[in-house]
Amino acid sequence: MATQEAPQQILSFLNLVKSLANDPATGWIDQVLEENGSLKTRVEEQKEYSDALVRSTGKLHREIEIKEEEVKLAATKTDEAEAKAKDWENEVTIMTTKLQERDEEIQRNSEKISELETKTAETEKSLKEELEAKDKIIQSHEQSIQQHLDELNKLRDTINTLEESLKSTESQLTTTSSALKEVQDMSYEMVPAEKATIVKELDKIYNAARSLATKYFSEDLSEDVLSNTEGFESLSREFHFPLPASNTDAAKKARVAVLMTDLGSKLASRIFVPFYTLVEPPEEVDDVTILLSCLFPTDPNRELYIRKLLLAIQPESQKKVAIKRARTIAREVYNDIGFLVNTNKRAKFGEDVLKLCGYAVACWENLRPIKSKIEPFLGDDEYDDKFWLPAELQLAEAKKSRANGKSNGIDNSLNTKGSVHSLNQFNQLDCIWPGFYLDGQVLKKGYMLLQSQVRPASEEQPFKRRSRRAQQRVGLQSHRRQSSTFQSLPWPETSSSPEPTPDASTDAES
């Protein structure tokens, strides 16, 4: 019985193996078998062994009795085979479990691969977008570079044009520089100067003139001079203020005012000018001076340039013209008011006036090369303390004539200085010394004779008219001045007529 069961078990095992071989999962087993070569070898050996058992089964039927012991041995071996089959089943189960685990791991790896593929796709998309953006940036940079290259080419063309223009400009500049050098060589070099320096030179002239007037008109006049009442009245009409024919302080200061007025107006119009024309103007300012004065407010640079050119024109001839004008002024002043000096001092008076005019020329010559525009102004400006000061009419310290003081109940003193508040009373008075502008601004005020200063002389003059009529009755000869009423005083023959130089200030400033 046991012998029959053994082959059935073997057949069952073989069927089981066959069913396993037909099972779809056998593919996985084959894989396991491939991975486990040693196990497959053993299964093949067992199969061969089972085939051997099948072949021997026939022999067993014939030799049952003979082979009982061999059957027993085969049964034993079959039991071992069953044990081994169970082991194989266990191994298959284990391998199946491992395969399931591998499937799960493969599933997990597939999911990871899917995630990686997704991330890779996203990364590729992002990189592609970034690459496209960079391509656009590169294209933009390329366009910008091309624009810059175009601009650079244009700049090169412009530079080439400018270089050609520069060469032309350099040539023109050379020509212009040469022309400018020629113009500069033809112009006078002007220098700057401080206001204090300019005022100092102007004060020298004024103080010298005032000293000259004080020196000669602080003395008493002789009766022969005082008898020329027509000359006194003619000067009074010309200078628009009273000029008594007496030896009072008021009369002496009036004579000082006459000399200062005559000198100041002539020096201002003929000496204190930027350029000396060859044709000497009779009284008024020359046309060149007027032109420069009118040009300065609108175009000071052009006015300065014209002055430079004018000063460079024959400077030695300019000095000669200035000296000639100084002589003419001195002669005219002597002819105008020389009769107001005592006869024995007239020649010296003429020489001192000539020296003073020469001194004025020398001082003004120091101011002509100054860049700033200096020009005098007379009585045609506004009459207020911005432009004018009361006249200074000091007399020399000397023994007063007995005619000084009060006579006939009249105070015969002419005020040395008037009140500044009287400057609005100029309607009948003259400027006795010019003021000066510096670049259009008042640099030095002029001096104006005030009504309050001439009032004592005005009150004295009627008494002197009665004295003139008495003198005419006794037949005294009167000196006449150059005008419609009298002849001019001739230039003294004894006068040496020295050249005007700065040394002329020696007597004036003593």
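General remarks:
- Some residue of segment 28-40 being of a type in the set (Lys, Arg) and modelled with pLDDT of 70 or more: no
- Taking the criterion of being without any contact (Cβ under 8 Å) to a residue 40 or more places away in the chain and open to solvent by 40 Å² or more (accessible area, probe 1.4 Å), the residues of segment 291-313 that qualify are 291, 294, 298, 299, 301, 302, 306, 313.
- Neighbours by Cβ (under 9 Å, 6+ apart or cross-chain): first from segment 453-468, under 20 Å from residue 228 (Cβ atoms) and at pLDDT below 50; second open to solvent by 50 Å² or more (accessible area, probe 1.4 Å) and part of a helix (DSSP H, G or I): 468/230
- Candidate set: segment 249-277, residues that are part of a loop (DSSP other than H, G, I, E, B) and open to solvent by less than 10 Å² (accessible area, probe 1.4 Å); chosen: the one farthest from residue 208 (Cα to Cα): 276
- Hey, residue 351 farther than 18 Å from residue 273 by Cβ and either of a type in the set (Phe, Trp, Tyr) or assigned to a helix (DSSP H, G or I) (or both) or not: yes
- Residues of segment 333-361 satisfying the condition of being open to solvent by 20 Å² or more (accessible area, probe 1.4 Å) and of a type in the set (A, V, I, L, M, F, W, C): 347
- Only a single criterion out of (1) in a loop (DSSP other than H, G, I, E, B); (2) touching a Leu at 6+ places or on another chain (Cβ under 9 Å); (3) surrounded by fewer than 21 Cβ atoms within 10 Å (Cβ to Cβ) is not satisfied by residue 246, namely (3).
- First in segment 248-263 and closer than 17 Å to residue 231 by Cβ, second anywhere and of a type in the set (Ser, Thr, Tyr) and open to solvent by 10 Å² or more (accessible area, probe 1.4 Å), Cβ under 7 Å, 6 or more apart: 252/218; 256/214
The values are calculated or read from the model by the stated rules, or taken from the named source; none is laboratory data. Since the model is a prediction, treat every value here as computed from it, not as a measurement. Glycine also receives a Cβ, built like all others from the backbone with ideal geometry; neighbour counts cover every protein chain displayed. Please note that ligands, DNA and RNA were not included when accessible areas were found on the heavy atoms of the full protein model with its side chains. Shrake-Rupley method; radii C 1.70, N 1.55, O 1.52, S 1.80 Å.
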